[in-house]
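S.K.: One structure coming up, written as structure tokens, with questions to follow.
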Amino acid sequence: MASSSSSSSYDRMTYNVFLSFSGETRKSFSDHLYADLKQAGVNTFRDDDSIQRGEDISAEPSRTIEESRISIIVFSKDYAGSRWCLDELVKIMECKQKLNQIIFPIFYNVDPSEVRKQTITFGDALTLHRQGFGDQKVNEWKDTLTAAANLSGWDLQTMSNG
């Protein structure tokens with residue numbers, strides 16, 4: 001039997017899935033994944049769906065992450081280049097801890113170790129972010145990237161017909 005706290009957290013769920021991805025995959029993999037989820041009847045949020053004109057765009061994804069049962073993170077080469085994506089990821093991992101949200105990472109044209117260890121494009125992006133956001137924020141993003149990349153997910157480079 002579920003505890004009352006987990007029951008109440010599911011009562012306020014608006015979406016089945018929150019989809020986190022960088023713009024580089026919008027017109028390719030992420031759009032196909034989104035369309036397939038919607039076609040299967042899965043109520044899925046992506047950043048351009050329901051943010052109303054005039055709303056605080058930084059608050060909307062945070063709220064929708066909290067109101068989702070599952071988050072799917074599409075890690076791609078440009079993911080860490082986006083402060084928006086990194087802040088979403090921090091919120092997603094918080095919801096995993098506090099709300100027992102299910103997280104599915106997908107590694108799209110990037111090796112999971114690049115995310116986990118912040119090498120290649122992930123390391124370059126975080127170095128640039130350090131200049132603008134400082135050590136504390138970048139270290140939080142690094143820790144969160146490592147934790148997310150350690151979750152069981154799908155490495156599309158190793159799957160046939162990824």
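S.K.: Starting with the highest mean, order 99-111, 68-80, 131-143 by the number of other Cβ atoms within 10 Å, averaged over the residues of each peptide.
M.R.: Values: 99-111: 18.9, 68-80: 23.6, 131-143: 13.6.
For the peptides 99-111, 68-80, 131-143, the packing ranking is 68-80, 99-111, 131-143.
S.K.: Now, a different point. Report the dimensions of segment 12-155 along its three principal axes from the alpha-carbon atoms, largest first, rounded to Å.
M.R.: 39, 32, 29
S.K.: While we're looking at this one, here's another question. Suppose every Lys and Arg Cβ carries +1 and every Asp and Glu Cβ carries -1, with no other charges. What dipole size does segment 12-155 come out with about its Cα centre, to the nearest 20 debye? Each step should come with its number before you reach the end.
M.R.: Details: 18 positive and 22 negative charges, 44 e Å.
For segment 12-155, the charge dipole is close to 220 debye.
FYI, it's all coordinate maths here, none of it is from the lab. If you're wondering where the values come from, they're calculated on a predicted model, not measured in any experiment. Neighbour counts are summed over all protein chains in view; Cβ atoms, including those assigned to glycine, are modelled from backbone coordinates with ideal geometry.
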